[in-house]
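To start, the structure itself, in structure tokens.
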Amino acid sequence: MTAAVFAALHILGAGLLLAAFVAEYLLFRPPFNPDRARAVVLADILYGVAATLLILTGVIRALYLGKGAAYYLGHPLFHAKLFVFLIVGLLSIGPTRRFITWRKQLGRGETPALDEAAAQGIRRRLRLELIGVALIVLLASLMARGIGLDSGS
């Protein structure tokens, strides 16, 4: 029963991450008014919460539940998935730092301003994150089917 609960929480985390990220990506369109800037900030916060949920449930599942740590740590696609997740996380630092600044500006009643070059840079990072998230989903699907292991390839 515990394994099923953590599997469900992991899947919910993945769904929330995808929904929050797509919302952030679609809402990130200059020029920004206070409502759209707040929506981008909220989507980014939800994205972070979902990533945290995914990490926590993933670690618990990999180490203590399901197929066990030996399966995951011995699976090359698991390592690829973690690497891509790390890259996506690193790519998200810049936009998240910007959105934290926006949150402070919005709290003071200011409308965040962004020059075209900065907006294009953030948009580029968001696109790369989107590609990374899609790759993570693909790797997870392949892993679930045993692909990538000597006996399952």
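The values are calculated or read from the model by the stated rules, or taken from the named source; none is laboratory data. The model shown is predicted, which means the values in this text are computed figures rather than measured ones. Cβ: placed from backbone, ideal geometry, glycine included. Neighbour counts: every protein chain shown.
Summary of computed values
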quantity: Set Phe85, Phe99: member being of a type outside the set (A, V, I, L, M), buried (at least 17 other Cβ atoms within 10 Å of the Cβ) and out of contact with any Leu (no Cβ under 9 Å at 6 or more places or on another chain); calculated: Phe99
quantity: Any chance Phe32 is touching a Lys or Arg at 6+ places or on another chain (Cβ under 9 Å), touching a residue at least 60 places away in the same chain (Cβ under 8 Å) and closer than 30 Å to Ile122 by Cβ; calculated: no
quantity: Some residue of the range 101-120 being in a helix (DSSP H, G or I), closer than 25 Å to Ala134 by Cβ, within 16 Å of the chain's Cα centre (by Cα) and of a type outside the set (Gly, Ala, Ser); calculated: no
quantity: Identity of the residue in the range 114-126, of a type outside the set (D, E, K, R) and touching a residue at least 24 places away in the same chain (Cβ under 8 Å), that ends up nearest to Ala37 (Cα to Cα); calculated: Leu114
quantity: The listed residue being surrounded by 17 or more Cβ atoms within 10 Å (Cβ to Cβ), in a helix (DSSP H, G or I) and modelled with pLDDT of 95 or more, out of Ala51, Ala62, Ala23, Ala14; calculated: Ala23
quantity: The lone exception for Gly109 - which of (1) closer than 23 Å to Ile136 by Cα; (2) surrounded by fewer than 14 Cβ atoms within 10 Å (Cβ to Cβ); (3) not basic (Lys, Arg) it fails; calculated: (1)
quantity: Residues located in the range 124-153, provided they are over 14 Å from the mean Cα position of the chain (by Cα) and more than 16 Å from His75 (Cα to Cα); calculated: Arg124
